[in-house]
Amino acid sequence: MAVTVQSITPTFAAEVGDVDLGQPLSSDDLAAIRAAFTQYAVLVFPDQTFSDESHLDFARHFGPLETSILGVRTDHKMRLAAHMADVGNLDADNRILAKDDRVRLYQLGNRLWHTDSSFKRVPAYCSILHGRSIPPIGGQTEFADLRAAYDALPEATKRRIDGLVAEHSLMTSRAKLGFTDFDSAEREALRPVPQVLARRLPDSGRMSLYIASHAGAIRGMADDEAKALIDALIAHATQRQFVYGHRWRVNDLVMWDDRCTMHRGMDFDDQRYKRDMRRATASDVGPTCEQMGLAVAAE
Ligand code: OGA
Ligand code: MN
């Protein structure tokens, strides 16, 4: 039986059924998933009850796996394997993180609109998030379609952002929440990296914005003007018509294209309910500036 693809929204999110990702994938099924992922940018696979290893194996089809940034910190005890980003609210003993826990405060950055790993020179291609425990109230994840948002920009704005390069750093998004608790190894690992503001996706040929709360400065532009432009682009891209909100069910696996979407986690009572979410992330093929044929000097 081949996989089935049913749209959730007309062009952005779809549900993929009749597949057990705990089993090896046939090449036909993988091809159907790739085709759906080129058309839609968010895929939901319900009822996936697999091990972390199967989850990582599925992600390996899409590129080299990233390692969790939490591992940079030597005083942090990891709950999950190095290739798995822990985006829940649990500590290494599966207890709810205390209100003042550094990891909890750091994870609050996921509540801001962002795309994963745009603060890395080679950013993410796709993220694959599994919902193991879901709070009964809140904790949805919202996704914004940056291809549709690009298409809807005024022509003058498209011309204005063509060839612009923004600096992305995880410290920029965390600073927005007043979080600055980074040690020297983290500051070194998190130095700003250049990323294009608009990109063409090689598989679909579509243009997309490439923005996130990690973006701060824009090269060759005054800081206040850059901030105003990035804020305006994020506000434009997150209007309701570009957004799909996912209400999780236990064992949903959701896969999104980090090249052309933003996402954010929604509020929930994280001192009361457990939310166990595990993310495997595949890297893109190269830096975005290189992909767009822009030569960018190191800063
Ligand atoms: C992520 C993320 C938001 C959420 O997994 O990268 O930002 O709702 N998640 O957990
Ligand atoms: Mn994220």
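The values are calculated or read from the model by the stated rules, or taken from the named source; none is laboratory data. Please read these numbers as outputs of a predicted model, since none were measured by experiment. No Cβ is skipped: glycine too gets one built from the backbone with ideal geometry, and neighbour counts run over all protein chains shown. Calculation scope for accessible area: heavy atoms of the full protein, side chains included, ligands and nucleic acids excluded. Shrake-Rupley method; radii C 1.70, N 1.55, O 1.52, S 1.80 Å.
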How big is D, in µm² s⁻¹, for segment 232-299 by Stokes-Einstein at 4 °C and 1.567 mPa s if Rh is the Kirkwood radius over C-alpha pairs?
82
Can you give the FRET efficiency for LEU294 and ASP52, using 1/(1 + (r/R0)^6), R0 = 30 Å, r = Cβ-Cβ distance, to the nearest 0.05?
0.20
Descending packing, highest mean Cβ count within 10 Å first, for 270-283, 65-78 is 270-283, 65-78
Less than 19 Å apart at the alpha-carbon level, and either on another chain or at least 8 residues along: which lysines does that give for LYS158?
LYS227
Choose one answer from PRO135, PRO123, PRO192: the residue with the largest mean-square fluctuation in a GNM of the chain with alpha-carbon springs under 10 Å.
PRO135
Value of Rg to Rh for segment 44-128 (Rh from inverse mean 1/r over Cα pairs, i.e. Kirkwood)
0.95
Rounded to 5, percent antiparallel among DSSP beta bridges of the chain
95
Got a sec? Which residues in segment 138-163 would a label at MET221 touch, if it sits 7 Å along Cα→Cβ and we count backbone N under 18 Å?
146-147, 149-163
With the 8 Å Cα cutoff and a minimum separation of six or more residues, segment 1-158 has a relative contact order in percent of 14
Tell me which lysines have Cα within less than 17 Å of LYS99's Cα, excluding those fewer than 8 residues away on the same chain?
LYS274
Normalised by the number of residues in segment 4-291, what is the relative contact order in percent for Cα pairs under 8 Å and 6+ residues apart?
34
I'd like to compare 139-147, 32-40: which one has the highest average count of other Cβ atoms within 10 Å, and what's the full order after that?
139-147, 32-40
In nm², the average projected area of the convex hull spanned by the Cα atoms of the chain is 15.1
What number comes out for accessible area per residue over the chain if the probe is 1.4 Å? Units Å², please.
44
Solvent-accessible area, 1.4 Å probe, carbon plus sulfur percent, for segment 212-299:
51
With label points set 7 Å from each Cα along the Cα-to-Cβ direction at ALA152 and ARG95, the distance between them in nm comes to 4.6
